[in-house]
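One structure below.
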Amino acid sequence: MSLSGILKSTIKKPLEFTAARFGAHRRKGENRLWILMYHRILPKTDSRYTTEEPGMIVEPDTFRQHLQQLKALFTVVSLSDWVDRQQAGKSLPSHACAITFDDGWADNYQYAYPIIQQEQVPATLFAVSDMIGTNLSFWPNRLARLLNNATFNQLEQLPWLSSTIGKSGAMKGNSNLPVKTQLEPALLASIVNSFKTFPDSQLIQWLTEAEHMLSIAAKDSPDLVSWQQLQAMSDSGLVEIGSHTSNHFRLQQSLVANAMESEIIDSKQRLQDRLNKQVNLFCYPNGDTCSAALKTVAQHYKAAVTTQRGINSSTNFRANQLMRIGMHQDVSGTNTQFQARLANWY
Ligand SMILES: [Zn+2]
């Protein structure tokens, strides 16, 4: 083991324990708001588990334990209610925690929603309005599917692909065999990351052409919830639906003004029309934002969440750039790990 490995393994455990016992989530006297960020809730036995990046998943049993821990340590609040109270100058719980889900995955309805109902905790789900009820997938999942269904030789015919990931080692060899499930999840995550330098519209165009050229059939089961499932969650009164844009385009400076406005404003309108409910909360795809996006979001939403890690305070409160703490299985599988994560110490 390397020196840093030894240091990590000897320091990490006590640090984790201390953070869990004495972190900010245990201290009294401040009106603070933790916002937890979840993506997918999947058991290991589900076939979707193996094709997803590990940073995206929490297992259902772990999620249930999280909720039980949160109920013991915090006042679990609806994000909307907390923001309303803060903005009206009303009293706030000293330790509040809000639960959020990004993207609107079908597994949220299947695995998370029943647990939310059993535990009776409020949550917010950020949906991508123009992808709900379709068989469309996000580009990282389409990229993973392409890599797993094409042969090395076929992939080498796609210059945009081979020039970007050729260096990563994922395309070593010169075989007619499909790449299939050979991609390590960590490698997949790093490949996805290297493509984030391209605009979403460009990536979608490349992937559409490649899927067509390689005759990769449309998916037979949707990745995301249907409108009926979204409506059922919204009608329960436990799950508030927020907007996560129309097409999950990252709101960067390079996005043209029309597209920016459409992603922020039209998504809200579409969700409101379909669900017959006000949509007041927004979530920036990939956490990316720019001054134009911040301005438009502030004009149309009560509050918005980022992927910036941190704990929000009622005294230093930025409604349109709320910080969150991301949860995934690797960092929250035990109660000690979960509480250390809440302490925001690592
Ligand atoms: Zn997202």
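The numbers here are math on the coordinates, done by the rules we state, and not lab data. Keep in mind it's a predicted model, so treat the numbers as computed, not measured. For neighbour counting, all protein chains shown are included, and Cβ atoms are generated from backbone atoms with ideal geometry for every residue, glycine included.
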Global geometry of region 278-346, whether rounded, prolate or oblate, following the gyration tensor of its Cα atoms and the 1.5 cut on a/c: prolate
Cα-projected label distance for LYS196 with ARG318, points at 7 Å along beta-carbon direction, nm: 1.8 nm
Around MET233: net Lys/Arg minus Asp/Glu count, Cβ-Cβ under 12 Å: -1
In Hz, Karplus ³J(HN,Hα) per residue of region 45-58 (6.51, -1.76, 1.60; θ = phi - 60°; x = Gly, Pro): 6, 7, 4, 6, 4, 6, 9, 10, 5, x, x, 9, 10, 10
Computed log₁₀ I(q)/I(0) - Debye formula, equal Cα scatterers, no solvent, the chain, q 0.09, 0.11, 0.12, 0.13 Å⁻¹: -0.52, -0.78, -0.93, -1.08
Helical mean residue ellipticity (222 nm; -39500 (n - 2.57) per DSSP H run of 4+; nearest 500) of the chain: -12000 deg cm²/dmol
Rounded tilt (10° steps) of 200-213 against the dominant C-alpha axis of the chain: 40 degrees
Neighbour-count ranking [beta-carbon atoms within 10 angstrom, fewest first] of LYS219, LYS268: LYS219, LYS268
Taking the chain and dividing mean pair separation by its residue count, relative contact order in percent (alpha carbons under 8 Å, at least six apart): 25 percent
J(HN,Hα) series, region 263-276, from Karplus relation 6.51 cos²θ - 1.76 cosθ + 1.60, nearest Hz, glycine and proline x: 4, 8, 8, 5, 5, 4, 4, 5, 5, 5, 5, 6, 9, 6
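For the pairs LYS268/LYS302; LYS90/LYS302; LYS71/LYS268, note any where the Cα-Cα span goes beyond 19 Å. Spell out each step's value before the answer.
Working: LYS268/LYS302 12 Å; LYS90/LYS302 16 Å; LYS71/LYS268 31 Å.
In this structure, LYS71/LYS268 lie more than 19 Å apart at Cα.
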Estimated dipole of the chain in Debye, rounded to 20 [Cβ of Lys and Arg +1, of Asp and Glu -1, Cα centre]: 1300 debye
Karplus-derived 3J(HN,Hα), 6.51/-1.76/1.60, for each residue of region 298-308, Hz, glycine and proline x: 4, 6, 10, 10, 6, 7, 8, 10, 10, 9, 5
Amide H within-cut-off set for ASN320, under 5 Å, with H built and near neighbours excluded: ALA304
